[in-house]
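For reference, the structure is listed below as structure tokens.
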Protein chains: 2
Amino acid sequence: MEKNQFSLPVDELPTKWFNIIPHLPEPLPPPKEPENGPSRMDFLGKTMVHECLKQEMSTDPWIPIPEEIRELYIQAGRPRPLYRAKRLEKYLKLKKVRLYYKREDLSPTGSHKVNTALAQAYYAAKEGKTTLVTETGAGQWGSALSYAASIMGLKCVVFWVRAVYDWKNERRTLMKLLGAEVHASPSKETSIGRTLLAQNANHQGSLGIAVSEGLEYAEKHSDSVYCLGSVLNHVLLHQSIIGLETIKQFEIADDSPDLIVGCLGGGSNFGGIALPFAGEVLQKKRECKFLAAQSQAAPNLVKGEYRYDFGDVAEHTPLLKMYTLGHKTDMVPIKADGLRYHAAAPLISALRHHNIVKAVAYPADEKAIFEAAKIFLQTEGWLIAPESSYAVRAGIDEALKAEKAGQEKVICMNISGHGFLDLVAYKEKLEF
Amino acid sequence: MEKNQFSLPVDELPTKWFNIIPHLPEPLPPPKEPENGPSRMDFLGKTMVHECLKQEMSTDPWIPIPEEIRELYIQAGRPRPLYRAKRLEKYLKLKKVRLYYKREDLSPTGSHKVNTALAQAYYAAKEGKTTLVTETGAGQWGSALSYAASIMGLKCVVFWVRAVYDWKNERRTLMKLLGAEVHASPSKETSIGRTLLAQNANHQGSLGIAVSEGLEYAEKHSDSVYCLGSVLNHVLLHQSIIGLETIKQFEIADDSPDLIVGCLGGGSNFGGIALPFAGEVLQKKRECKFLAAQSQAAPNLVKGEYRYDFGDVAEHTPLLKMYTLGHKTDMVPIKADGLRYHAAAPLISALRHHNIVKAVAYPADEKAIFEAAKIFLQTEGWLIAPESSYAVRAGIDEALKAEKAGQEKVICMNISGHGFLDLVAYKEKLEF
């Protein structure tokens, strides 16, 4: 029997995260203070987990994963399997191309976000903090942080854009079940929230407002820390566990990828799978290419400029050098809400700048995306998140291209999350 | 680091199913024809998979799992891990009791039902059939069979009680996404359906009507087979993969259960985890007890009589000797819909009769059940199905009882499914 599933024994869960910073062709452009306003660096220093800020700047190539975090990863079901997509290959009539996928959808809250949520929760507790604060848009990050807080016995406060809070009843129930305090934003919990509500009692909110409320809350409660779920270096560092496992699993499969494909909004799942492989490419230990699958609603790597920009609409972060559409850009709504972000993480942007990462953007109607998700479900049997479906779409397209060119190729797709809470989107897009 | 997760390497997936029939203290009472009406045995012989009917009667202690089915199991994510519930133990302040759980919730459609769906689909294809037909109530079985058909490239026709079809939009979308033809029952596809619809165009249907429609459809289409998801011996045989893996995983954990707990409606997940252990008990190879967790809405093992009864409301099946509440019994609705069945599988009933299996029934308001599910989520981090929450409730209760008595005890709970499609029920029951 030819094996389709490549598991890693629990004992072989990696013991270190991989940091690509020392391997970059040029030093990573550092964060900068904007010309106006208070120091953003000082502000982050006051509101965030100190160990994470230290990791943010680290130039060590390997950062040990504390045993307690490894144990949390194992509790959360790591290592996660790598699959050979034999049935999808057969459906696509591939003879020369082999397809693989990594199963981050097996996460407790249904997305890869728990990999950094657990690390941040652990360090926060170690630093004596009792409360994790964050904002959430689509809801995946809020769920993941609620989970991590619950597992660590911490409190979690989530400010959730009211427009989404009001209709994503099920994700809201999940966060509350996990014990989180979830506020529709703008809320009465903060002065900025109260001001906005005084102007409009039914204010629909925005991600920028939710970030502002979260930061205000964290600043005012000294037992609180503010947690971020994407973009920053330490988040991608924690996510490197994905790619590190995948490298070992390809060894077990006795194969090696020529192309890594992941979806990309801010870049945390993409960085998670790609950076450990990219590090080996930069060290000339392997050859491999990298493709980020995006939406034309937020094609930061495809159409963005490589320049300094804020990470958030409300300009609370320092300026970061990123491929950006501009932090005030309006983006049309899509079902893969997790991909709607104006800029790509500094680490991914640097790799794009050096032509190591390439990107493709798919039409915002998402027809082709959900069609790919359906093919994947009907062949491989897994219901995946709309975001992950971009990776599968791009993986299929690249496979067909290589096959047509008579080119042998091994492609690995990252499945960032499951779609059990996205069936309404499936129904709407595929018109059942 | 003490391990909480015990995985079985893919290569060690069992190669045989376990059949308890030859080990029973007395021969299993055979199915019987009722006094009136046509031969039910002949009817089943015409509509069901022949290999399954052969397995139904087999007295071989081990039935080889075809390599192709093992490969399908691996595709579906087997083996599934066994966990030590260290965080739940800590929450319950257990010193003498160790808790474990088996993760059937990792299944592609979210329940253990795929274990038999894949086997039935494989044998149906081998016998030249192109279409799998079934009924579904709660929707788990319909989803699992839709999945198995999709993976095997077969057609699937599901007759779904209209009262449930109309509101479980998400499970319906899942089945349709998997390519199944899903009919609200009564439907226009069958003569019995057309007759009922002529009387009442908005007929709400029942499980009995859905079974009747499915059987009529299967009888009229010679390329079709009717598939059943619980109660019958061959279904429990296929499910024995759960317990067989668990036996090996306890060896890896260097521990051994004193009590196996599972929820029970018809008995397929309970039988799946319990029968391989019970077989060893009957062969005096181990000591272990078995507890079925039920609802007072359908307490077949607790309050039923051990006698011959039909397996379905419409009296299509032969008479089976079971603990039954009577096949025409009305049962109040509960959120754990998969537990609402009037009788326990003949194999489980025989073990209950010989006092090897015990049972407990919880109030139909389900408050205590959802409370247990919430504790499990907040400690272990997994959102489980309402049905599985009965197993956790009983596991917790037994653990606390043993702890209070100062008794050392190892308890293993089977988590039959996940709860991502049950968040509405969680919300309602826990009043968020």
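For region A:143-184, state the semi-axes of the equivalent ellipsoid (square roots of 5 times the eigenvalues of the alpha-carbon gyration tensor), sorted largest first and rounded to whole angstrom.
Details: eigenvalues 67, 18, 9 Å².
Listed largest to smallest, the semi-axes of region A:143-184 are 18, 10, 7 Å.
Given the options B:Ala359, B:Ala405, B:Ala124, which has the most mean-square fluctuation in a GNM of chain B, springs set between C-alpha atoms less than 10 angstrom apart?
B:Ala405
Which distances in nm, rounded to one decimal and ordered from shortest, link the label point of B:Trp62 to the equivalent label points in the other identical copies, with labels set 7 Å from Cα toward Cβ?
When each copy's label point is compared with this one, the spacings are 4.3 nm.
Going by average Cβ neighbours within 10 Å, how do the peptides B:212-222, B:54-64, B:155-165 rank, with the highest at the top?
By packing density, highest mean first, the sequence is B:155-165, B:212-222, B:54-64.
P(r) for region B:291-432: what percent of alpha-carbon pairs falls in each 10 Å bin, starting at zero?
12, 37, 33, 16, 2, 0
Filter the GluC sites (Glu not before Pro) in region B:291-399 to those in DSSP coil with at most 15 other Cβ atoms within 10 Å of their Cβ, and list the result. Let's see the in-between values first.
Working: sites: B:Glu305, B:Glu315, B:Glu366, B:Glu371, B:Glu380, B:Glu387, B:Glu398; in loops: B:Glu315, B:Glu366.
Hits after loop and neighbour filter: nothing returned.
With runs of 4+ DSSP H residues as the only contributors, calculate the mean residue ellipticity of the protein assembly as shown at 222 nm using -39,500 (n - 2.57) per run, divided by the residue total and rounded to the nearest 500.
Values: 34 runs with 364 residues, N = 864.
Using -39500 (n - 2.57) per qualifying helix, the result is -12500 deg cm²/dmol.
List the residues of region A:148-188 for which accessible area in the full set of protein chains is at least 50 Å² lower than for the chain on its own; 1.4 Å probe, protein heavy atoms only.
Output list: A:Ile151, A:Glu170, A:Thr173, A:Leu177.
Given the protein assembly as shown, report the % of alpha carbon pairs whose separation exceeds 55 Å. The partial results should precede the final answer.
Numbers: 40377 of 372816 pairs.
It works out to 11 percent of all Cα pairs.
In this model, which of A:Lys129/B:Lys3; A:Lys86/A:Lys248; A:Lys54/A:Lys321 are farther than 24 Å apart at the alpha-carbon? Provide the component values of the computation, followed by the final result.
On the way: A:Lys129/B:Lys3 27 Å; A:Lys86/A:Lys248 20 Å; A:Lys54/A:Lys321 19 Å.
The answer is A:Lys129/B:Lys3.
What's the average, rounded to a whole number, of partner chain beta-carbon atoms within 10 Å of each residue's beta-carbon in B:413-426? Write out the running numbers ahead of the final one.
Details: counts 0, 0, 0, 0, 0, 4, 3, 10, 4, 2, 9, 3, 1, 5.
What the average comes to for B:413-426 is 3.
Considering only protein heavy atoms and a probe of 1.4 Å, how much of the accessible area of region B:309-432 is carbon and sulfur, as a whole percent? Don't skip to the end; give the middle numbers.
Details: 2100 of 4130 Å².
Of all accessible area on region B:309-432, carbon and sulfur atoms account for 51 percent.
Pop out the carbon and sulfur fraction of the accessible area of region B:70-208 as a percent, whole number, probe 1.4 Å. Intermediate values should be presented prior to the final figure.
Values: 2130 of 4250 Å².
Whole-percent figure for carbon plus sulfur exposure: 50.
Going by a 1.4 Å probe on protein heavy atoms, which residues of region B:4-42 end up with at least 20 Å² less accessible surface in the whole assembly than in their chain alone?
B:Asn4, B:Gln5, B:Val10, B:Asp11
Hey, what's the Cα Rg ratio for region B:316-371 versus the globular rule of thumb, 2.2 N^0.38 Å?
Rg over 2.2 N^0.38 Å, computed on Cα atoms: 1.29.
Using all Cα-Cα distances in region B:36-90, what percent lands in each 5 angstrom bin from 0 up to the longest?
Percent of Cα pairs in each bin: 5, 12, 13, 13, 14, 13, 9, 9, 7, 4, 2, 1.
For chain A, with a Gaussian network of springs between Cα atoms less than 10 Å apart, report the residue from A:Pro30, A:Pro14, A:Pro318 with the top mean-square fluctuation.
Of A:Pro30, A:Pro14, A:Pro318, the most mobile in the Gaussian network model is A:Pro30.
Using a probe radius of 1.4 Å on heavy atoms only, what accessible surface per residue do you get for chain B? Whole Å² is fine. Please list the in-between numbers first.
On the way: 15100 Å² over 432 residues.
Here the residues of chain B average 35 Å² of exposed surface.
Taking all pairs of distinct Cα atoms, average 1/r, flip it, and tell me the Kirkwood hydrodynamic radius of region B:361-432 in Å to one decimal place. Write down the numbers at each step before the final one.
Numbers: mean 1/r = 0.0789 Å⁻¹.
About 12.7 Å, per the Kirkwood formula over Cα pairs.
Quickly work out the B:Thr130-to-A:Glu219 label distance, labels modelled 7 Å from Cα along the C-beta direction, and quote it in nm with one decimal.
The two pseudo-label positions are separated by 6.9 nm.
Expressed in nm to one decimal, what extension gain is obtained for the pair B:Arg194 and B:Glu371 from 0.36 nm per residue of sequence separation less their Cα-Cα distance? Intermediate results must be reported in sequence, preceding the final value.
Numbers: separation 177, 0.36 × 177 = 63.72 nm, distance 4.35 nm.
Using 0.36 nm per residue and subtracting the Cα-Cα distance, I get 59.4 nm.
Working out 0.36 nm times the residue gap between B:Leu400 and B:Glu35, then minus their Cα-Cα distance, what length gain in nm do you get to one decimal?
Working: separation 365, 0.36 × 365 = 131.40 nm, distance 4.88 nm.
Gain in length upon complete extension: 126.5 nm.
Taking region A:93-142, which GluC sites (Glu not before Pro) meet the DSSP loop condition and have no more than 15 other C-beta atoms within 10 Å?
Working: sites: A:Glu104, A:Glu127, A:Glu135; in loops: A:Glu127.
Answer in residue order: A:Glu127.
For region B:59-167, what D do you get in µm² per second when you plug the Kirkwood radius from alpha-carbon pairs into Stokes-Einstein at 10 °C and 1.306 mPa s? Intermediate values should be presented prior to the final figure.
Values: Rh = 16.1 Å.
After rounding, the answer is 99 µm²/s.
Any idea how far the Cα center of region B:154-192 sits from the one of region B:309-382, in Å?
Comparing the Cα centres of region B:154-192 and region B:309-382, I get a distance of 24 Å.
Restricting to chain A, compute how many DSSP beta bridges are antiparallel as a %, nearest 5.
Details: 18 of 53 bridges.
Within chain A, antiparallel bridges account for around 35 percent of the total.
Which residues in region B:20-38 place their backbone N less than 15 Å from a point set 7 Å from the Cα of B:Lys285 along the Cα-to-Cβ direction?
B:20-24, by backbone N distance to the label point.
Take every Cα-Cα distance within chain B, group them into 20 Å bins from 0 onward, and report for each bin the whole-number percent of pairs it holds.
Final binned percentages: 28, 61, 11, 0.
What is the Cα radius of gyration of region B:157-297 over 2.2 N^0.38 Å, N being its residue count? Let's see the in-between values first.
Details: Rg = 20.0 Å, N = 141, 2.2 N^0.38 = 14.4 Å.
Against the compact-globule rule of thumb, the ratio is 1.38.
Between A:Gly128, A:Gly304, A:Gly271, find the one with the highest GNM mean-square fluctuation for chain A; connect C-alpha pairs within less than 10 Å.
The residue that fluctuates most here is A:Gly128.
At a probe radius of 1.4 Å, figure out the B/A buried accessible area, summed over both chains, and give it in Å² to the nearest 100.
Numbers: alone 17420 and 17390 Å², together 30170 Å².
Summing both sides, the interface buries roughly 4600 Å².
The values are calculated or read from the model by the stated rules, or taken from the named source; none is laboratory data. Note that the structure is predicted; figures quoted are calculated from it, not measured. Because the Cβ atoms are built from the backbone with ideal geometry, glycine has one as well, and the counts that use them run over all protein chains shown. The area values use the complete protein model at the heavy-atom level, side chains included, leaving out ligands, DNA and RNA. Shrake-Rupley method; radii C 1.70, N 1.55, O 1.52, S 1.80 Å.
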